[in-house]
Every structure is written in C-alpha cells, then in structure tokens.
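Beneath this line is the structure, given in structure tokens, with notes to follow.
The values are calculated or read from the model by the stated rules, or taken from the named source; none is laboratory data. Predicted model only: the values in this text are computed from it and were never measured. Backbone-built Cβ (ideal geometry, glycine too); neighbour counts: all protein chains shown.
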Amino acid sequence: MLRIENLTVDHGAIRALRGVSFNVEKGQLAAIIGANGAGKTTLLRTLSGLNKASEGQAHWNDHNILHSKPEKLVRHGISHVSEGKSVIPGLTVSENLELGSLWRRNRSESAKSKKEVLELFPRLGERLSQRADSLSGGERQMLALGRSIMSKPELLLLDEPSLGLAPLVIEQIFQAIRDLTTTKGLTVILVEQNAMGALKIADVGIVLNLGSIAATGSAAALKDDPAVRAAYLGF
Amino acid sequence: MFELINTLLIGITAGSIYSLMAISVVLVWRSTRVVNFAAGGLALASSFVGAAILEKTGSFWIALPIAMVAGAVFSAFIEYFFLRPLLKRSGDKGAEIFLPIIATLGLLGIIKTILNYIYGDRVGSLPPPMSDKGFVFSGESIALSPMRLLILGIVLLLMISLTLVFQRTNLGLSLRAASFAPEISRLAGIRVDFIRTVGWAISGGVGATAGILQTTNGSGSVSPESFEFSLLLVFGFVAAVIGGIESLIGAVLGGLTLGIILAIILMYVGGSLVFIAAFLILILVLLLRPHGIIGAKGGRRA
C-alpha cells in the first residue's frame, strides 16, 4: 500500500504541499481533486521523484520512495503519466510504447505487455508506425497510458488524463483506467480537474485545498457531500 | 568540365569530414543542449593519440580505432566531471544560460594548453595510409585518389553504423528519447544521465575520426595550434547549423553542401575568401532558413 505522512514540498519560497497524510490500499483507485494550485500535480511529481520533498515520508510497499530518481522508482513499480499527454512526438507510436519497457531488458515480456496494451487500446495498433505527433488528443493519452503499462507498474500516477479531451473520449479513458484497477489489480492515484468523472470511477477520494487535505472519504460519500459538491463539483 | 568534376570531388571529400565534425557537435547538442566548442580540442587531442599509436605500431588501422576510443573516453570524461556538475548548478535565468558555452570554450583553451605543454613545438605525424595520387583517366589525373576513396569509405561506414545504432537499437531509442524529452524518458525508466554520457562518448569518437581524417587529407601532421583544426571546428559548426543543429542527416547534408561550395570558391574565386564565405553561408542560412536546410518547423528528426 501507499503510505504518505506529513508530506511537505516547497517550490522556492512557496509551500506547495503542507503536511499531507493519507493511505491508499493496494488495488484501490484514489481520485485527488481540487482547484488549480491546490498541489495535486506537485503531489504526483513528488511521488514519482521529479520533485524533492522538504519534509515527511512516503512509502510504497514499505519502500521509502522519497529522495529516489524517477528512473529508479519505475523499477519499483511506480509509473507516472505526467500532465498533457506525455508522449514523445518525434518517436513513432511503437517506439513510444517500447520505451516504457526498455529498462526491463526482456524482449518476450515486453512483447507480451505490448499485446496487452494493444488489446486495451486497439486504435494504437492501427497507428504503430506513425509518429506520435500525428495522433489525436485521445490517442495520445492512450499512448501515454500504454507506455506506462509497458513498464509493468503496480502504482500508476495519472495527472489529468482527461485534459482537453472530448466527453466521449474521456469516458473511454476513464473506463480503461477503471479496468486496469479491477482486472489487473493496479493501484491508481488519479489527479483530476474533472472531479465528477473521477469520483464516479474512484474507490476513495481526497480533496486538496491550498496544499492541505480538505476532505477524504469514499468516492461515493464525497460525491454526495454538500460541501464538496458546492466547492468542487459545481452544483 | 574536368576541372568542375575535380572541384566537386575535392569538395565532397572535405565536406564529408566537416559532416563528421558536425555530427559530433549535433550529438552533444541533442543530448545536453550544450554548444560544445571543446569538440575541436577533443578531436585534436585524439589525433595526437592516433599519431602516437601510429608511431608505435606503424599501422593506421590500429591508430584510428584507438584514437576513436580515446576521443570517446575524453568526451565522456568531460561530460561527467565538468558539464554535469555545472549544468546541475547553473539555471536557465539571465547570464546563467551562457555558463556551459563559456565552459566549453574554456575547456578548448585548457586542452590546447595541455597539448602545448606536452608537445611544445613537436608535431604528431599522420601521413596518408594509402596513396594520395589521383587515379588517371584518359591521360589526366583526377582528384580522386585511393586515400580520398578511403576517407569517403570511412565516413560512409561511420554514418551507416550511426544510423543503425540510432534507428535499430535500444540504445539508439534511448538516445533519441532522452534528447527529445528527458523528463518523459526518466519517467519511462531511461537512465538519462548515463545516456547523456554515452551521447558525449559517441560524439567524441566521431570527432576523433574527423580530426584524423582532416589531418591525413591535409598537411599530414598535427600541432597544438593547428590551423587545420580551427577550420575543422568552425566548418563543423557551420555545417551543423546549416543542417538545423538537431538532425544527423542535416549535419551530413550541411557538411557536404559547405564542402562543395567552399571547394568551388577556392577553385574559381580565390583561397583568401574561403573563411569569409563559410560565415556568409552561415548568415544566409540563418536569415533564410533558420531551422536549417532540412529542419521542418517544429519537426525534429532523428
């Protein structure tokens, strides 16, 4: 499981996260919602090793994950799909996927993962030799997710996968994320502006406000909480 | 007509060597976003290694690969011990962006000073390993000699190997990914710092080849203050910029274009204008096609 205690992160003089603590059980999908600047992206970037923590602890399966480099954390099963369809435009779809499994140094395992990804997102299969920058927004998000799955993660950190996508595509992506938790037993931390959509598929929800936790609970309970509704769901 | 063909042959040979230097510059630029003026110094130092090995063994075919390895080691050393700590400390604000460039200029000076200290007035000798007498066609000697063929062959072989490495291997995929998007590559599990050192090493090996070929194609000897190497560095940079600084194919085309144009100017206009002509071409390209002759806007190629 993921255990986070008193996590504090500073960007220069600005304190982006203030003593955040929460746990996520293995196999759970946790949605992290909150306004712009609440510290959601900072939280993910700290968990994947891109940002440095000033204080606090974070453990994944009893392994201390703070102060490690991202490329090392990947080898511990943590995979971060950063904001804005994180694919490499100059590489082909196939190369983007293979990139995720290079560190495993196992051709047959990689080929197996690739097959799984293409079953999950058949549209990528039709575009394997195309450059990633020729894909639509939804396809790019699928590719970013696919690349992440190629590294055989146990903990997926997803930063706003719905950003800039059409409602139908969002539904498709969210469904795929839900499937990854249910069928493959992945643990997922899903950061979203689209709070309603995220809470619909999540098991638990965490509301961040100005770097602190404002509310936590089961996703269903948060969805019906009048205060959360008013502040983050817009009705 | 005969004269024109000869001029082209001379231009293509010289240009293929500039291409190698340009590739050396491009590889470092792509891996760390640093304009590496030390590349000229590294090529020079590696050529001295080549000359020393040639003196000991008498074989060009032992000297060349050892010089390439030496260039790779020197270059990786510089990346690891100088540039990496420097880039970790320097930011991208204000004057700090000039730090790496000034550092590589400084390194160029340091390398030359060390070579001067070791060699003083002595020169390293790298005579052509094959005949540089032109083949004879219908009684006239053309500007294509076994040595020139050898140079073209080595350059071609190196380019094919590089293309295969970049396009067909996991290392190549890592190198391309890390140069396009270091952060995403890290998140995908690529050891970007290590890959950058490898990029510098390959650049050093290619630069060493350029240095040795430049010497054998020119005066046959290498000195710490060699003018040939200053030309090589400058023309390599110009070729890299003409090719769009991002692209290996661009570097090759840039080198060949520059070599041919300079050979034509040398033959039909005058030797004193060659240096100025190179800068004129550079300025024209920057004005008319700032992304280089093959760099499509925004599109980077391998």
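Observations on the structure shown:
- With a requirement of 3 or more residues that are touching a residue at least 24 places away in the same chain (Cβ under 8 Å), the helices (runs of 4 or more DSSP H) lying completely within segment B:129-202 that satisfy it span B:146-168, B:170-180.
- Residue count, segment A:78-100 (criterion: more than 8 Å from chain B (Cβ to nearest Cβ) and either assigned to a helix (DSSP H, G or I) or modelled with pLDDT of 95 or more (or both)): 6
- Condition met for B:ALA76 (surrounded by fewer than 23 Cβ atoms within 10 Å (Cβ to Cβ) and assigned to a helix (DSSP H, G or I)): yes
- Residue that is nearest to the other protein chains (Cβ to nearest Cβ) [pool: residues in segment B:150-181 that are closer than 18 Å to B:GLN214 by Cα and surrounded by 15 or more Cβ atoms within 10 Å (Cβ to Cβ)]: B:MET159
- Any chance B:GLY106 is surrounded by 13 or more Cβ atoms within 10 Å (Cβ to Cβ) and free of Cβ contacts under 8 Å to residues at least 60 places away in the same chain: yes
- Conditions (1) buried (at least 20 other Cβ atoms within 10 Å of the Cβ); (2) of a type outside the set (S, T, N, Q); (3) over 18 Å from the mean Cα position of the chain (by Cα): number failed by B:ALA239: (3)
- Among the candidates B:ILE97, B:ILE142, B:ILE154, the residue that is more than 30 Å from A:SER101 (Cα to Cα) and in contact with a Gly (Cβ under 6 Å, 6 or more places away or on another chain) is uniquely B:ILE142.
- A single member of B:ALA52, B:ALA38 is surrounded by 18 or more Cβ atoms within 10 Å (Cβ to Cβ) and either in contact with a Pro (Cβ under 6 Å, 6 or more places away or on another chain) or in contact (Cβ under 8 Å) with a residue 24 or more places away in the chain (or both), and it is B:ALA38.
- A:GLU71 vs. criteria surrounded by 17 or more Cβ atoms within 10 Å (Cβ to Cβ), more than 19 Å from the chain's Cα centre (by Cα) and either hydrophobic (A, V, I, L, M, F, W, C) or within 12 Å of chain B (Cβ to nearest Cβ) (or both): no
- Scan of segment B:1-35 for residues that are closer than 22 Å to B:PHE227 by Cα and either without any contact (Cβ under 8 Å) to a residue 60 or more places away in the chain or not in a helix (DSSP H, G or I) (or both), ordered by number: B:VAL35
- Qualifying position, being more than 19 Å from A:LYS26 (Cα to Cα), basic (Lys, Arg) and out of contact with any Asp or Glu (no Cβ under 9 Å at 6 or more places or on another chain), among A:ARG127, A:ARG104: A:ARG104
- Qualifying position, being away from chain B (no Cβ under 13 Å) and surrounded by fewer than 17 Cβ atoms within 10 Å (Cβ to Cβ), among A:ALA58, A:ALA111, A:ALA53: A:ALA111
- Residue within segment B:180-190 that is out of contact with any Lys or Arg (no Cβ under 8 Å at 6 or more places or on another chain) and either farther than 30 Å from A:SER86 by Cα or among the acidic types (Asp, Glu) (or both) present: yes
- Some residue of segment A:41-49 being assigned to a strand (DSSP E or B), more than 28 Å from B:PHE166 (Cβ to Cβ), at pLDDT 95 or above and within 14 Å of another protein chain (Cβ to nearest Cβ): no
- Failed item in (1) crowded, with 21+ Cβ neighbours inside 10 Å; (2) within 12 Å of chain B (Cβ to nearest Cβ); (3) within 26 Å of A:ASP179 (Cβ to Cβ), with A:ALA31 passing the rest: (2)
- Every residue from segment B:185-233 that is within 14 Å of chain A (Cβ to nearest Cβ) and touching a strand residue (DSSP E or B) at 6+ places or on another chain (Cβ under 9 Å): B:LEU187, B:ALA188, B:GLY189
- Unique residue being crowded, with 22+ Cβ neighbours inside 10 Å, more than 19 Å from A:ILE189 (Cβ to Cβ) and not β-branched (Val, Ile, Thr) when the list is A:LEU124, A:LEU158, A:LEU128: A:LEU124
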